[in-house]
Amino acid sequence: MPYAKIVATGAFLPEKVVTNADLEKIVDTTDEWIRTRTGILERRVSSPDEPSSLLAANALIDALDSIGMDKHELDFILVATVTPDMAFPSTACWIQKRLDINQIPALDISAACSGFMYGLSMARAYIESGMYKNIAVIGVEELTKIANWEDRSTCVLFGDGAGAVIVQATEDESDGRILSNYLGADGRYGSLLMKEAEGTVNPATHETIDKKMHYITMEGQETFKQAVRVMKSSSVEALKRAGLKEEDLDLVIPHQANIRIIDALAQRLKVDYSKVQVTIDRYANSSSATIPIALNEANRDGKLQPGNHVLMVAFGGGLTWGSTVVRW
Ligand code: UT7
């Protein structure tokens, strides 16, 4: 049976930086509140002519270039996003068009902030089944385009960006590989975090626009509580499935929703903070893109060495959650 190995990482972030001081000028907030409650100092914001597929295509090209791989070697494109270019065709198809690699399958995954974890698990399953050999898994999000910039309780939290990995088949058992995945969901909590309009329940009308139903809404405190609980339990489950313990971990890459959730996870797992990858200060919460962006930073900074054990863990709207353990 082939194993699934992450052989390349890449990322792309829009150039425009919006600081907390910039936000103080448009909503009733302060740098101090945002910093202490969330850990965010600044975020990247995409321009109107930078759709999700553009960010994602650039992240994928970055990953391909990092190992000198020909784009024609890819045989599947999986894209985790809740901010697609449009409802359909999928963002994956638009990325495929941008790269000019027609014919290979391309698919969007909708699992909010956990989408990249779902994508990694699907890529692993396809590769281990022998169906495909080189799968691009991308997390891309432009939450700033569905944020209500008059709602201080949400708009300060989000940023835009894309991260990509290439998952490849390897026959070598001693090689690095994805050791375990764990996924879950609980639709009973769906209303905690959503964008209500523009679907079949509330098709776009003047009324949905007037009521601002095309923007993200979140019950912050309840989401926070669920996040702390589920991030810990899914980390423990993925470690168990990989046959590892917390002390075996060299790096933890949590979804970047709030520095207090990340701190709570590190404490509960008893993992030294130096082993936790943090990007929320610079990029805020970019949903499904936070983990692949952070993974790429760790990789490019030389923090991922062969044999290292890495835990990735995410939580988001749905509710959904997912975790992955990798031997690099
Ligand atoms: O990525 C997917 C999953 N998402 C998450 O996991 C996010 C989870 N939730 C959170 O991170 C936190 O709940 C938030 C950062 C969203 C909010 O932090 P909080 O400590 O839960 O604050 P809160 O909602 O309880 O609000 C506390 C106070 C309120 O004022 P009063 O009622 O105490 O007077 C808010 O109106 O802070 C006020 N507030 C703000 N003040 C200044 C809310 N937003 C702001 C703001 N600036 N931007």
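The values are calculated or read from the model by the stated rules, or taken from the named source; none is laboratory data. Bear in mind the structure is a predicted one, so any value in this text is a computation, not a measurement. In this analysis, Cβ positions are derived from the backbone assuming ideal geometry, glycine residues included, and neighbour counts consider all displayed protein chains. Only protein heavy atoms, including side chains, enter the accessible area calculation; ligands, DNA and RNA are left aside. Shrake-Rupley method; radii C 1.70, N 1.55, O 1.52, S 1.80 Å.
Details
- Listed residue pairs exceeding 30 Å between alpha carbons, taken from Lys5/Lys195; Lys97/Lys212; Lys133/Lys240; Lys25/Lys212; Lys25/Lys97: Lys5/Lys195; Lys97/Lys212; Lys25/Lys97
- Gap separating the Cα centres of the stretch 266-323 and the stretch 1-35, nearest whole Å: 13 Å
- Extension gain from Asp151 to Asp175, taking 0.36 nm per residue of separation minus the Cα-Cα distance: 3.8 nm
- Among residues other than Gln226 with Cβ under 15 Å from its Cβ, the summed charge is +3 (Lys and Arg +1, Asp and Glu -1).
- The chain - accessible surface per residue (Å², probe 1.4 Å): 43 Å²
- Neighbour net charge for Ile253 - beta-carbon separation under 12 angstrom, K R +1, D E -1: 0
- Debye-sum result for the stretch 107-154 in log10 I(q)/I(0), which assumes one identical scatterer on each alpha carbon, at q = 0.22, 0.24, 0.33 Å⁻¹: -0.80, -0.89, -1.20
- Largest accessible area first, the residues Arg260, Arg44, Arg152 order themselves as Arg152, Arg260, Arg44 under a 1.4 Å probe with ligands, DNA and RNA left out.
- Beta bridges assigned by DSSP with both partners in the chain are antiparallel in approximately 75 percent of cases.
- Compared with the rule-of-thumb size 2.2 N^0.38 Å for a compact globular protein, the stretch 168-224 has a Cα radius of gyration ratio of 1.94.
- Convex hull volume of the stretch 222-328 per residue (C-alpha atoms, cubic angstrom): 88 Å³
- Environment charge of Glu171, counting only residues whose C-beta is closer than 12 Å and scoring Lys/Arg +1, Asp/Glu -1: -1
- Counting protein heavy atoms only, the stretch 3-170 has 52 percent of its accessible area on carbon and sulfur, 1.4 angstrom probe.
- Taken as Cα centroids, the stretch 233-264 and the stretch 132-175 sit 18 Å apart, rounded to the nearest whole angstrom.
- As a size descriptor, the averaged projected area of the C-alpha convex hull of the stretch 48-168 was calculated at 7.7 nm².
- Dividing the Cα radius of gyration of the chain by its Kirkwood radius returns 0.95 for Rg/Rh.
- Extension gain, Met1 back to Glu15 (0.36 nm per residue minus Cα-Cα distance, nm): 0.8 nm
- A viscosity of 1.002 mPa s and a temperature of 20 °C, combined with the Kirkwood radius over Cα pairs in Stokes-Einstein, give a translational diffusion coefficient for the stretch 146-189 of 137 µm²/s.
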